[in-house]
Every structure is written in structure tokens, then in C-alpha cells.
Amino acid sequence: MTFAVSFLFGGISTEYDSSISSLTHIISSYLTLSRAERPFSVKHMYHLSRVDGLVRTIPFHNAFTIAELQAHVSDIIILPGRSLPITFNTIESHNEYIVNLLHGQFGEDGGVQTLAALSGLKGTFGDPDVASLTMNKFAMSSFVSSLLPSDVMKVPKTRLVRPQGVDDAIRFAKSVDGSVVVKPNSLGASLFATRFHDPVASEIDIRNLLREIFKYDNTALLQEFIPGDEYSCGCLISSSDVVLLPVAKIETAQNFFGHEEKHSSGLVIERILDYENDQLLGRLTSITRRIASSIDLYNMARFDFRISNDREIWFLECNYIPGLMKNSIFPKMLRHHGMTVIELISWIASHSRQYERKKHFIEYEISE
């Protein structure tokens, strides 16, 4: 007898469209399978609207189509909405298993994970504290740099920028020998990430970009650019092991993987590599395993690095919930690993640990 899963998708972040595309790819793949081939049944799809922040329930049925999903999402079919806490209470009472496909703010930053933990939901939410850590690029880089010595892996020189600290950030940028990258600290999809080849001549542009970032994020990062090549390492996390996926090398004309390159057709080539016969890539995957084993990750993750021209490994960031869109990096890794997104969900439900919220109340006597 197969088990049932439901999906939470949409969201209130700037990565709303990525979440929609991830679910569309999953359901499209699911519908191509015969009923006998489907490793699980789909119960509901919960659409968190970015318009009003309410959840609409889309029931799955035998004759379900992608056109029906698109109609629901575009509000052609109007359904009554409920708040997320009320929805979670209903889900918990039905004992549903939820695959969380929310990205960005309140999707992978610890927000929805905390609410899920308080509601006692089963699913792929994971540890709220770890989600918060990985979403904060500055904090995650600080953690990784304390975990591994600099002769094993390095972290680029980085300045955390707040609105009141822009002048200091500009001075830091001018002191960097070479290009700098400006990007949000806690947004995904490489939104606003921009490389400046000449920080001195680009001061006005850097200030303007920071001003724009602060509309969506409390902090920004100003980081030295590491010449070399960009790589991404994916992994699956079971209850007892870290399963490494094939490594992806990311190639672009400008040697920079920004938002435009990530989301425009033809600007990037993602080559899947065999790391088992390459010593440098072996080091890269060993570092990935070490990081993934050192924090309480659940289900899956993707880590981004640069390898400099002198073959040093530099950590960039961790993606706590990799996008599952059809042409995204993580599904490509899965395909070369011999796994579909449907098999991924089945694997996660069967092999991953369930997050259990610890008791927070301890009785103790207070002296008068």
C-alpha cells in the first residue's frame, strides 16, 4: 500500500514563481506515471497566495491535469482561503505528510519551519534553527569557516552591510584588490547579485544597488570576487548518512553566476562531472559531506563553491531547499544519480528523519 503526501507551495517571498515551477515539474512527472508506477499518492496541494497570504486547498483526483493546477494558481478558480496556522492545525488533525516547496522568506528561513514544529506537522520542514542559519549567508559562512581550517577551504573576505553602514562598506570595497560582489544576505535565486569589476569607479552604482536591496532584506553582503570556476555539490541526507550527488560545474560567459544567468535561457552551461576520478572534486565532495554532517540538515541540500585558479576551494553558500524546477541544477544532479523528482520524494519520506521539537519547559525552583 502506497503512502500519501501533500504539497505546500507558493509563498510570500520573491521566489514564489520558483515554488510554482517546482510543483509543476513534480506533478507533471507524477502524471506521466501509470497508477501502478506511482510510489505514493497525492492528497492535497496547499497554495499559499502571495496576494493575500491565505492558503487555498487544491484536492488531487484521478483526472487531475496541469491546466487545472495552473487555473487554480492564477485564481481563475476562486477558492476560499484560510490562514496558514489554521491550515496547519487542519493538516495535523488529518495526519498528512507535507512536502514543503516554499522558497525564500518564510519558506526556508526558519519561519514556516517554526510554525510547522509548533503545529506538530509531519513532513520535510526540518529544524527551524538550521533553516535560519543556512538562509543567512553571512552566518553560514562564519560557521563553515570555523568548522574547517583555511588550508582545506576558505571563505571570501566579506562585509555584512546594514543601511547605516554603507559608507564603511564602500571603503571596504575600495580596499579589495580586484572585483567585488554585492548581494542580499538572506534572499535566494541570486536576486540582485552583481559583480563590480572596478569598485572605485562603481561607487554610485554600488550605493544604488544596496539601497534597492534594503527594500527587501535587512542586510546585504559586499564580498571579494574569487577568480576561477563555480561548482555546486548536492546531497541527500538520510537518518544515518549523507548521500553525495554528482558535482555540477557552472560555466557562464562572464564567469559569474548571477540572477540573469540563472534565470535566462542560454546564458549558462551546467556540466555534471564525475568526482570519483578527480582529486580536486574529491576534496570538494569531502568538504560537502563534512559540512552536511556537522549541522542538523534534513532531506536534501546544495552547496555552492568556487575553485580558484590556484586550485583552492572557497565556500559561497548553502541552499536549504534546492529548486526542483525541470531545468534546475538539483534535478540535473538527480538524473545523473539515476533518480527522478518523484523518486526523490519517495526516498525522503522513507529515509529521512522526522524533526522532533524538543521540550522547552523545565521546572525549577526560584529562591525568594
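The values are calculated or read from the model by the stated rules, or taken from the named source; none is laboratory data. Bear in mind the structure is a predicted one, so any value in this text is a computation, not a measurement. Because the Cβ atoms are built from the backbone with ideal geometry, glycine has one as well, and the counts that use them run over all protein chains shown. What goes into the accessible areas is simple: the full protein's heavy atoms, side chains included, and nothing from ligands, DNA or RNA. Shrake-Rupley method; radii C 1.70, N 1.55, O 1.52, S 1.80 Å.
Does Ser83 qualify as being farther than 20 Å from Asn299 by Cβ and open to solvent by 20 Å² or more (accessible area, probe 1.4 Å)?
Values: farther than 20 Å from Asn299 by Cβ: yes; open to solvent by 20 Å² or more (accessible area, probe 1.4 Å): yes.
In short, yes.
Does region 92-104 contain at least one residue that is under 30 Å from Met140 (Cα atoms), within 24 Å of the chain's Cα centre (by Cα), modelled with pLDDT under 90 and open to solvent by less than 50 Å² (accessible area, probe 1.4 Å)?
So the first thing to find is which residues in region 92-104 are under 30 Å from Met140 (Cα atoms), and the list is 97-104.
Restricting the remaining residues to those that are within 24 Å of the chain's Cα centre (by Cα) gives 97-104.
Okay, now just the ones that are also modelled with pLDDT under 90, so 104.
If we keep only those that are open to solvent by less than 50 Å² (accessible area, probe 1.4 Å) too, we end up with 104.
Within region 92-104, one or more residues are under 30 Å from Met140 (Cα atoms), within 24 Å of the chain's Cα centre (by Cα), modelled with pLDDT under 90 and open to solvent by less than 50 Å² (accessible area, probe 1.4 Å).
With region 109-202 as the region, which helices (runs of 4 or more DSSP H) entirely inside it contain at least 1 residues that are closer than 30 Å to Ser352 by Cα? Those helices (runs of 4 or more DSSP H) span 111-119, 128-135, 137-147.
Could you identify the single residue in Val166, Val242, Val247, Val182 that is closer than 30 Å to Thr340 by Cα, among the hydrophobic types (A, V, I, L, M, F, W, C), modelled with pLDDT of 90 or more and in contact with a Leu (Cβ under 6 Å, 6 or more places away or on another chain)?
On the way: Val166 fails: closer than 30 Å to Thr340 by Cα; Val242 fails: in contact with a Leu (Cβ under 6 Å, 6 or more places away or on another chain); Val182 fails: closer than 30 Å to Thr340 by Cα.
On inspection, the qualifying residue turns out to be Val247.
The set of residues in region 295-311 that are surrounded by fewer than 16 Cβ atoms within 10 Å (Cβ to Cβ) and farther than 22 Å from Ala349 by Cα comprises Ser308, Asn309, Asp310, Arg311.
Determine, yes or no, whether Gly234 is open to solvent by less than 70 Å² (accessible area, probe 1.4 Å) and either at positive phi or not in a helix (DSSP H, G or I) (or both). Considered against the rule, which asks whether it is open to solvent by less than 70 Å² (accessible area, probe 1.4 Å) and either at positive phi or not in a helix (DSSP H, G or I) (or both), Gly234 comes out as yes.
Yes or no, residue by residue, for (1) of a type in the set (A, V, I, L, M); (2) open to solvent by 40 Å² or more (accessible area, probe 1.4 Å); (3) within 21 Å of Phe88 (Cβ to Cβ):
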| residue | (1), (2), (3) |
| --- | --- |
| Gly10 | no, no, yes |
| Ser18 | no, no, no |
| Ser21 | no, yes, no |
| Ile66 | yes, no, no |
| Ser74 | no, yes, no |
